[in-house]
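Novice: Shown below is the structure under consideration.
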Amino acid sequence: MLIPKITDGGVMKAGSPGWMTMTNVDGSPTRPVIRCNCGALMNINNHHVHADGRVTASFLHGAPVPKPCGWHVFIELEGYDGPEFLPERS
């Protein structure tokens, strides 16, 4: 599923999934944040963000994240031009 870049400041908005980044103190972009279809903003630290905007593995808003809605899709970040981010493993 191709999701657009968020241009409304990241307000919670159900039915409008999207993505956004912020800027680190050194000027580099942060890992993208995803707005779920339910409107919740979520990190994707355990996902691989490819330089072409593909995100792997699939995105799931499930437990233990608060108020999981169950939205489960493969996402691609429309217009993404940031760096590649490898999954963070704990």
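Novice: Write out the chymotrypsin sites (Phe, Trp or Tyr not before Pro) in segment 54-90 meeting two conditions: DSSP loop, and at most 11 other Cβ atoms within 10 Å of their Cβ.
Specialist: Qualifying residues, ordered by number: Phe74.
Novice: Only bridges whose two residues both fall in the chain count here: according to DSSP, what percent of them are antiparallel, nearest 5?
Specialist: Of all bridge pairs located within the chain, approximately 80 percent are antiparallel.
Novice: Summing +1 for each Lys or Arg and -1 for each Asp or Glu, what net charge is found among the other residues whose Cβ lies under 13 Å from the Cβ of Cys36?
Specialist: Result for the neighbourhood of Cys36: +3.
Novice: Follow-up question, since we're still on this one. Starting from the Cα-Cα distance between Asn43 and Lys13, subtract it from 0.36 nm times their residue separation and give me the gain in nm to one decimal.
Specialist: Answer, rounded to one decimal: 9.2 nm.
Novice: Take Cys69, project a point 7 Å from its Cα along the Cβ direction, then tell me which residues of segment 30-55 have their backbone nitrogen under 12 Å from it.
Specialist: Those under the cut-off are 35-42.
Novice: Would you work out the charge dipole size for the chain about its Cα centre, treating the Cβ of every Lys and Arg as +1 and the Cβ of every Asp and Glu as -1, and quote it to the nearest 20 debye?
Specialist: 360
Novice: For the chain, build the charge dipole from Cβ charges (+1 Lys, Arg; -1 Asp, Glu) around the Cα centre, then report which of Met42, Ile75, Phe85 sits farthest towards its positive end.
Specialist: Met42
Novice: If you don't mind, there's one more thing I want to ask. Two-decimal Rg/Rh of the chain from alpha-carbon positions, Kirkwood Rh?
Specialist: Here Rg/Rh amounts to 0.94.
Novice: Could you work out the relative contact order of the chain? I mean the mean sequence separation of Cα pairs under 8 Å and 6+ apart, divided by the number of residues, in percent.
Specialist: Worked out over the chain, it gives 29 percent.
Bear in mind these aren't lab numbers, they're just calculated from the coordinates by the rules spelled out. For clarity, every value in this text was computed on a predicted model and none was experimentally measured. Every residue, glycine among them, receives a Cβ derived from its backbone with ideal geometry; neighbour counts consider all protein chains shown.
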